[in-house]
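Before any comments, here is the structure.
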Amino acid sequence: IKILLDAGDRIAATTQRIELHANWLHGAPARGLKSRVTVAMTPGNAQFKGYEAYTFDDLRTFVPEEEQVLFDGVLDADGATSFHMEPQAGRSAPAMVNANLVTRVFEAGGDASMDRTTVRYYPYATYTGIQAPKRSNAWGTFNTDTTYTLPVVAIDVNGKSIAGRILKAQVYKMRNNW
């Protein structure tokens, strides 16, 4: 069975539906067959065109490691179906998650054809990025009693700037000695 999961290279939390199509190798639709799509997530690195110098990731985030079922059902007469991608990424999900999708289509005899793909999943509608100042010494530290500018940006999932967002930020002085 030939499987096509039309998810593109990135999925946003606002993505409407993901299309799944399956055909027998001779081209006929794989109609009425049971199919299952699962996802396992790993942290990724959020990047937006034009904002490469900004960091959108929060170091305190994590994603659940267990595999989740996104779709478990039967293909229609055209060997197709569609479903929403609504993984449980948690309230502390990173800005971008690598979604490792596994699609299985089961033949009537029980054998399964499988397809794997990884897409970037952006679980939020808006993102805040911060641009760290240039480091002035070889140790990569910042001097105390010095004023630094930390530009911030608020953008949507497509990387378009959002005007008028109110952001709250806190900067901490950390002491790490060895």
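The values are calculated or read from the model by the stated rules, or taken from the named source; none is laboratory data. Note that this is a predicted model, so its numbers are computed, not measured. Cβ placement follows ideal geometry from the backbone for every residue including glycine, while neighbour counts extend to all protein chains displayed. For the accessible areas, the whole protein counts, side chains as well, though only heavy atoms, and no ligand, DNA or RNA atoms are used. Shrake-Rupley method; radii C 1.70, N 1.55, O 1.52, S 1.80 Å.
The fraction of accessible area contributed by carbon and sulfur in the chain is 49 percent, rounded to a whole number (1.4 Å probe; ligands and nucleic acids excluded).
When nucleic acids and ligands are ignored and a 1.4 Å probe is applied, THR38 ends up with an accessible area of around 0 Å².
If you filter the stretch 22-59 for trypsin sites (Lys or Arg not before Pro), then keep DSSP loop positions with at most 16 other Cβ within 10 Å, what is left? Before the final figure, lay out each step's value.
Numbers: sites: ARG31, LYS34, ARG36, LYS49; in loops: ARG31, LYS49.
Here the trypsin sites (Lys or Arg not before Pro) that fit, given the DSSP loop and packing criteria, are ARG31, LYS49.
Solvent-accessible area of HIS84, all protein chains in place: 80 Å² (probe radius 1.4 Å, heavy atoms, ligands and nucleic acids excluded). Averaged over its residues, the stretch 61-178 has an accessible area of 70 Å² per residue, based on protein heavy atoms and a 1.4 Å probe.
Summarising the overall dimensions of the stretch 55-152 from its C-alpha atoms, the Rg and Dmax are 21.6, 73 angstrom. Lysine pair count for the chain with Cα-Cα distance under 21 Å and sequence separation of 8 or more or different chains is 5.
Only protein heavy atoms count here; on that basis, with a 1.4 Å probe, GLU52 has an accessible area of about 140 Å².
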